[in-house]
Amino acid sequence: MTNRRHLISGIAGIAMMAFTGHAMAQDVVKVGLILPMTGPFASIGKQVDMGARLFLAQNGATAGGKKLELILKDDGGNAESTRRLAQELVVNDKVAVLSGFGLTPLALAAAQIATQAKVPQIVMAAATATITEASPFIVRSSFTLPQASEPMADWALKNNIKKVFTVVTDYGPGIDAETSFTNKFKAGGGTVESVRVPLRNPDFAPFLQRASEAKPDALFVFVPAGIGAQFMKQFVERGLDKSGIKLIGPGDVVDDDLLEGIGDVALGAITTQHYSAAHDSAANKAFVAAFKAAYPGTRPNFMAVGGYDGMRLIAEALNKTIGKTDGDVLVNAMKGMTFESPRGPILIDPETRDIVQNIYIRRTERKNGEIYNIEFETIPMVKDPVKAAKK
Ligand code: PHB
């Protein structure tokens, strides 16, 4: 009798364990976050990660009745590592979503895995226009370089800039920035001379020397987030800060993370971008305050916002699907999604899965003792012009 009771309670215990184990597995949605946390592009990874985690901390890390579990992996900025980590996250960890992707080659390295495994790939940082065409499972929460660079050409034309020298990093986003700016600027009557600088270990000095000799009205610059300080140091060493040549370009070169370190030489730069930590809205003030409280001594830049909004896209999609995690169902839930981000209103274009957002024209200024990009004009709800032109 005693033995039997033991046996029955033993079986019930095992059944109970199996049940709770099963329920727990079902209640967790794993999200892989692959970022360069080390190496020359670590500042991008750190900002995206801080943004993504802040969203989860503020929202209790649950969505659609499930608990969200973030699994962070460091690819060191190496595309082969990104591909391998994406594969491991899908096969071993059984993540429902892949996210992060600090640079264009890293986003492209995972696209085939997203397609084959039918797992949504949320691109939170990389910004070459064509990335969203690499897989029907890609949705982007960052931006595209042409989205920011075309409005820069319009501003330059309107502001008596006739001759521009462009310096861009020689890979997807730099080529996008150069091409979209040049086409628009030349169509409006401007002239352009261009150079491209290597992505790895760039030495800007010889290119800046050429730029200085060309005596343009403005220098248009694209370097990836985190690299602007290096660029600006050499800009000063070549005396370009005293040359009267205006600094213009997409906002990456004066990213919020670097501005204080760059110092006064950044003052007066005119840039176009989708996010400034000084963006004047209640949503952004709350975001910046929460970010600084969570991570003392930091300031969010546009990469942090890409991580924050990317997590929000994932959470809101799960809310819409009531926790269903099939890849195509989640991607469909993200199509057409719209909300107010710290950057302003955003929309996921249902046709391209790319982000539609305001682009702001900003002047780098000192405000309350700190250096910020102060927005003074808004171009509302800009679509990626490269994909728009293909239609
Ligand atoms: C990219 O590699 O796509 C990229 C990285 C950093 C940026 C912009 C684009 O600031």
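A few remarks follow.
- Here segment 176-327 is treated as a sphere whose radius is the Kirkwood value from Cα pairs; by Stokes-Einstein at 37 °C and 0.692 mPa s it diffuses with a coefficient of 184 µm²/s.
- Label-point separation in nm, residue 200 to residue 389, each point 7 Å along Cα→Cβ: 3.1
- Hits among lysines - C-alpha to C-alpha of residue 292 under 20 Å, sequence gap 8 or more where chains match: 46, 367
- The alpha carbon convex hull volume per residue for segment 208-298 rounds to 97 Å³.
- Sum of -39500 (n - 2.57) over DSSP H runs of 4+, divided by residues of the chain (222 nm, nearest 500): -14000 deg cm²/dmol
- Amide H to amide H distances under 5 Å link residue 359 with 379, 381, 382, where only residues 5 or more positions off or on other chains count and H is placed in the peptide plane.
- Nonpolar atom fraction for the chain, defined as the carbon and sulfur part of the 1.4 Å probe accessible area, stands at 55 percent.
- Distance between the 7 Å Cα→Cβ label points at residue 370 and residue 293: 1.5 nm.
- For segment 332-381, the equivalent ellipsoid derived from the alpha-carbon gyration tensor has semi-axes of 30, 11, 7 Å in decreasing order.
- For segment 160-263, accessible area per residue (1.4 Å probe, heavy atoms of protein chains only), Å²: 40
- You can think of it this way: the chain between residue 80 and residue 335 has 88.9 nm of extra reach, that is 0.36 nm per residue less the Cα-Cα gap.
- Cα pair distances exceeding 33 angstrom across the chain, given as percent: 32
- Candidate lysines - alpha carbon under 18 Å from residue 215, same-chain residues fewer than 8 apart omitted: 162, 163, 186, 242, 246
- Farthest towards the positive end of the charge dipole of the chain, among the residues 116, 82, 381, is the Cα of 116, using unit charges on the Cβ of Lys, Arg, Asp and Glu.
- Taking amide H atoms as placed 1.01 Å from N in the peptide plane, the amide H of residue 71 lies under 5 Å from those of 31, 32, 33, each 5 or more residues away in sequence or on another chain.
- The calculated P(r) of segment 50-110, using every Cα pair and 10 Å bins from 0, goes 20, 46, 29, 4 in percent.
- Contact order relative to length of segment 37-141, as percent, for alpha carbon pairs under 8 angstrom and 6 or more apart: 23
- The residue list 364, 243, 282 was ranked by how far each Cα lies along the charge dipole of the chain toward its positive end, using unit charges on Cβ atoms, and 282 comes out on top.
The values are calculated or read from the model by the stated rules, or taken from the named source; none is laboratory data. Treat the numbers as computed from the prediction; the structure is a model and nothing was measured. When we count neighbours, we look across all protein chains shown, and the Cβ atoms used for this are built from the backbone with ideal geometry, even at glycine. To get the accessible areas, we keep the full protein, side chains included, count just its heavy atoms, and leave off ligands, DNA and RNA. Shrake-Rupley method; radii C 1.70, N 1.55, O 1.52, S 1.80 Å.
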